[in-house]
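A short worksheet on the structure shown next.
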Amino acid sequence: MKRGKFIVFEGVGGSGKSTQIEIISSWLKEKGYKVVTTREPGGIRSAEKIRELIFKLRQKQLIGPEGQIALFSVARYLWVEEFVRPALKAGKIVLTDRCHTSTAAYQGYAEGGSLKQIEDISKAVMEDAYPDAVILLDVSAEVSMRRRQQDLDDDPFDKEGVAYFERLVSGYRRMARGGWGGLKWFVVDGEKSIDEVAASIKEILEEILDEKD
Ligand SMILES: Nc1ncnc2c1ncn2[C@@H]1O[C@H](COP(=O)(O)OP(=O)(O)O)[C@@H](O)[C@H]1O
Ligand SMILES: [Mg+2]
């Protein structure tokens, strides 16, 4: 069986990841693809527990970037083993809301952890189940702050100030320009309308899914 495709949706909180994953997953299913959606950290029960632990330790200021990188990596390992690799083996398209690219943006660019360490550990835990593409929904820190005010979820990272979000936005842009992690990055202007953003993502995916491998 042909291996599926592993696509990461990236961007700061409020950039439109959840909105677009829903639209794109229905679109791909209509086209006859087998699609699964997931999120990182989490996606499976054990990793969701680690997600809760990281969030709690963070809220109590008991953990810095290195500790978070270590815990995110354990969660990622479990998730890849139990969920991502079997799905890819079964020929499915895996759409994930965040991946190690978020660890690079948050614990690396915004919090000062080592990008090299994040890349090395992530490659070690993901091995052959490494993403085929990263779609970055690029929005300014200002738009991110505004959209998140209307739509608060449980994410402790969303409580950070504008300076933190400026570091995230510029970190994401630098990673996309430099092809961080040996990944194929696509940047979409996330400030356009929901329909326009979806149309751009569909074009990118058509290209990726047409690739012969
Ligand atoms: N392109 C867009 N234009 C305007 N509002 C948007 C757009 N995409 C998403 N939103 C809105 O912004 C908020 C955050 O979107 P969401 O998809 O939850 O972002 P994320 O999952 O990246 O945090 C939601 O209220 C959503 O309806
Ligand atoms: Mg979301």
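The values are calculated or read from the model by the stated rules, or taken from the named source; none is laboratory data. In this text, all values refer to a predicted model and were calculated from it rather than measured experimentally. Here the Cβ is made from the backbone with ideal geometry for all residues, glycine too, and neighbour counts use every protein chain on show.
Just checking, how many residues over the range 162-188 are surrounded by 18 or more Cβ atoms within 10 Å (Cβ to Cβ) and in a loop (DSSP other than H, G, I, E, B)?
Going through the range 162-188 one residue at a time, the tally reaches 1.
Rundown of residues vs (1) more than 15 Å from ligand 2 (Cβ to nearest atom); (2) out of contact with any helix residue (DSSP H, G or I) (no Cβ under 6 Å at 6 or more places or on another chain); (3) at pLDDT 95 or above; (4) part of a helix (DSSP H, G or I), yes/no style:
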| residue | (1), (2), (3), (4) |
| --- | --- |
| 9 | no, no, yes, no |
| 18 | no, yes, yes, yes |
| 23 | no, no, yes, yes |
| 27 | yes, yes, yes, yes |
| 33 | yes, yes, yes, no |
| 36 | yes, no, yes, no |
| 43 | no, no, no, no |
| 46 | yes, no, yes, yes |
| 50 | yes, no, yes, yes |
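Among the candidates 191, 119, 196, 142, which residue alone is away from ligand 1 (no atom under 14 Å from the Cβ) and at pLDDT 95 or above? Step through it out loud before you land on a result.
Working: 191 fails: away from ligand 1 (no atom under 14 Å from the Cβ); 196 fails: away from ligand 1 (no atom under 14 Å from the Cβ); 142 fails: away from ligand 1 (no atom under 14 Å from the Cβ).
Selected residue: 119, the only one of 191, 119, 196, 142 that is away from ligand 1 (no atom under 14 Å from the Cβ) and at pLDDT 95 or above.
On the given criteria, is residue 132 under 30 Å from residue 57 (Cα atoms) and either touching a helix residue (DSSP H, G or I) at 6+ places or on another chain (Cβ under 6 Å) or not basic (Lys, Arg) (or both)?
Working: under 30 Å from residue 57 (Cα atoms): no; either touching a helix residue (DSSP H, G or I) at 6+ places or on another chain (Cβ under 6 Å) or not basic (Lys, Arg) (or both): yes.
So residue 132 does not fit the description; no.
What residue, of 159, 192, is without any contact (Cβ under 8 Å) to a residue 24 or more places away in the chain, within 16 Å of ligand 2 (Cβ to nearest atom) and either at positive phi or surrounded by fewer than 20 Cβ atoms within 10 Å (Cβ to Cβ) (or both)?
159
Testing residue 85 on (1) within 23 Å of residue 61 (Cα to Cα); (2) surrounded by fewer than 21 Cβ atoms within 10 Å (Cβ to Cβ), one condition comes back false. Which one is that?
Going through the list (1) within 23 Å of residue 61 (Cα to Cα); (2) surrounded by fewer than 21 Cβ atoms within 10 Å (Cβ to Cβ), residue 85 breaks only (1).
Hey, residue 142 hits all of (1) under 18 Å from the mean Cα position of the chain (by Cα); (2) part of a helix (DSSP H, G or I); (3) surrounded by 12 or more Cβ atoms within 10 Å (Cβ to Cβ) but one; which does it fall short on?
Failing condition for residue 142: (1).
Does residue 8 meet the test of being away from ligand 1 (no atom under 13 Å from the Cβ) and touching a strand residue (DSSP E or B) at 6+ places or on another chain (Cβ under 7 Å)?
In short, no.
With respect to residue 94, is the statement that it is modelled with pLDDT of 95 or more, more than 16 Å from ligand 2 (Cβ to nearest atom), buried (at least 16 other Cβ atoms within 10 Å of the Cβ) and not in a helix (DSSP H, G or I) true?
Here the answer is yes, as residue 94 does meet what is asked.
Scan (1) among the β-branched types (Val, Ile, Thr); (2) in contact (Cβ under 8 Å) with a residue 40 or more places away in the chain; (3) over 25 Å from residue 177 (Cα atoms) for the single condition residue 50 breaks and write down its number.
With (1) among the β-branched types (Val, Ile, Thr); (2) in contact (Cβ under 8 Å) with a residue 40 or more places away in the chain; (3) over 25 Å from residue 177 (Cα atoms) applied to residue 50, the lone miss is (2).
What number goes with the only condition from (1) outside any helix (DSSP H, G or I); (2) modelled with pLDDT under 95 that residue 158 does not pass?
The one condition residue 158 does not meet is (1).
If residue 137 satisfies every condition in (1) under 26 Å from residue 208 (Cβ atoms); (2) among the aliphatic types (A, V, I, L, M); (3) touching a residue at least 60 places away in the same chain (Cβ under 8 Å); (4) away from ligand 2 (no atom under 16 Å from the Cβ) but one, which is the exception?
Against the list (1) under 26 Å from residue 208 (Cβ atoms); (2) among the aliphatic types (A, V, I, L, M); (3) touching a residue at least 60 places away in the same chain (Cβ under 8 Å); (4) away from ligand 2 (no atom under 16 Å from the Cβ), residue 137 comes up short only on (4).
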